[in-house]
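Presented below is the structure to which this report refers.
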Amino acid sequence: MALLPILRYPDPRLHTKAKPVAVVDAEIRKLAADMAETMYEAPGIGLAATQVNVHVRLLVLDISEDKSQLQVFINPEILWREGEHEGEEGCLSVPGVYETVRRSERVRVRALNLDGQPFELDADGLLAICLQHEIDHLDGKVFVEYLSRLKLGRIKAKLAKQSRITV
Ligand code: GNR
Ligand code: NI
């Protein structure tokens with residue numbers, strides 16, 4: 001296993017649209033394992049391949065209290081969504097920024113597992129939020145892009161200042 005570097009907003013590579021996984025093979029399983037290790041170490045509750053600069057449709061998440069429930073989604077698709085929910089989000093690619101985002105309250109997702117088998121999952125609560133956040137990454141979208149231009153400008157200034165201090 002290996003820890004992977006996480007891209008930081010406003011890195012333009014975060015806006016890459018990820019390509020579907022053609023075959024779930026050993027290389028994809030290795031990427032999922034490395035992404036899980038990277039997510040747990042960060043620590044975060046989800047990670048999309050886009051964030052580690054691999055532009056394929058793969059995400060990992062674990063919203064369990066004791067970090068014992070790794071879930072892997074390959075080629076995830078939202079089949080339907082309903083309701084609205086506003087919640088505070090953070091992102092490993094936008095460290096230190098927490099802002100309220102409006103999302104669907106419930107989603108049904110279809111994806112492949114690590115054996116290449118399709119499954120469907122109905123999600124609500126934090127799982128639904130996290131799935132939408134990660135699938136956005138695969139489409140090249142970062143949560144701060146839902147905010148007003150004013151807020152986004154302030155966030156960019158804050159991140160620029162942070163990177164001058166921490167480098
Ligand atoms: O660790 C994370 N926490 C989080 C909190 C609220 C909504 C979404 C998230 S996902 C984030 C990890 C991450 O950046 N995934 O892309
Ligand atoms: Ni994120």
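Along the axis of the charge dipole computed for the chain (Cβ charges of +1 for Lys and Arg, -1 for Asp and Glu, origin at the Cα centre), the listed residues Tyr146, Gly46, Leu59 are led at the positive end by Tyr146.
Evaluate E = 1/(1 + (r/R0)^6) for Lys17 and Arg81, where r is the Cβ-Cβ distance and R0 equals 25 Å; express this FRET efficiency to the nearest 0.05. Taking R0 as 25 Å, the efficiency between Lys17 and Arg81 is 0.80. Karplus-based coupling profile of the range 58-67, in residue order and whole Hz: 9, 9, 10, 7, 8, 9, 6, 4, 9, 6, with θ = phi - 60° in 6.51 cos²θ - 1.76 cosθ + 1.60 and x standing for Gly or Pro. Using the Cβ-Cβ distance between Glu65 and Tyr146 with R0 = 35 Å, the FRET efficiency computed as 1/(1 + (r/R0)^6) comes to roughly 0.80.
Since only Ile78, Ile6, Pro20 are under comparison, the one whose Cα sits farthest along the positive direction of the charge dipole of the range 1-92, derived from C-beta charges on Lys, Arg, Asp and Glu, is Pro20.
Using C-alpha pairs under 8 Å with a sequence gap of at least 6, the mean separation divided by the residue count of the chain gives a relative contact order of 23 percent. Basic side chains Lys and Arg get +1 at the Cβ, acidic Asp and Glu get -1 at the Cβ, and with that the dipole of the range 31-167 about its Cα centre reaches some 920 debye. Sorting the segments 29-38, 50-59, 155-164, 140-149 by their mean number of nearby beta carbons within 10 angstrom, highest to lowest, gives 50-59, 29-38, 140-149, 155-164. Take every Cα pair under 8 Å whose residues are at least 6 apart in sequence, average their separation, divide by the length of the range 22-87, and the relative contact order is 22 percent. With the charge dipole of the range 53-167 set up from +1 on Lys and Arg Cβ and -1 on Asp and Glu Cβ about the Cα centre, the Cα lying farthest toward the positive end among the listed residues Gly87, Cys130, Gln162 is that of Gln162. Across the range 78-167, the mean sequence separation of Cα contacts (distance under 8 Å, 6 or more residues apart), normalised by length, yields a relative contact order of 22 percent. Counting other Cβ atoms within 10 Å as a rough exposure proxy, the listed residues Ile135, Ile78 run Ile78, Ile135 from fewest neighbours to most. Extension gain, Asp139-Ala26: 0.36 nm per intervening residue step, less the Cα-Cα distance, totals 38.3 nm.
Determine the shape class of the range 1-105: with a ≥ b ≥ c the square roots of the Cα gyration tensor eigenvalues, call it rounded for a/c under 1.5, and otherwise prolate if a/b is greater than b/c, oblate otherwise. Because its axes are fairly even, with a/c under 1.5, the range 1-105 counts as rounded. Enter the Cα centre distance for the pair the range 92-167 and the range 1-79, rounded to the nearest angstrom. One Cα centre to the other: 12 Å.
Each value in this text was obtained by applying a stated rule to the coordinates, not by laboratory testing. Worth saying up front: this structure is predicted, and the values here are computed from it rather than measured. Here the Cβ is made from the backbone with ideal geometry for all residues, glycine too, and neighbour counts use every protein chain on show.
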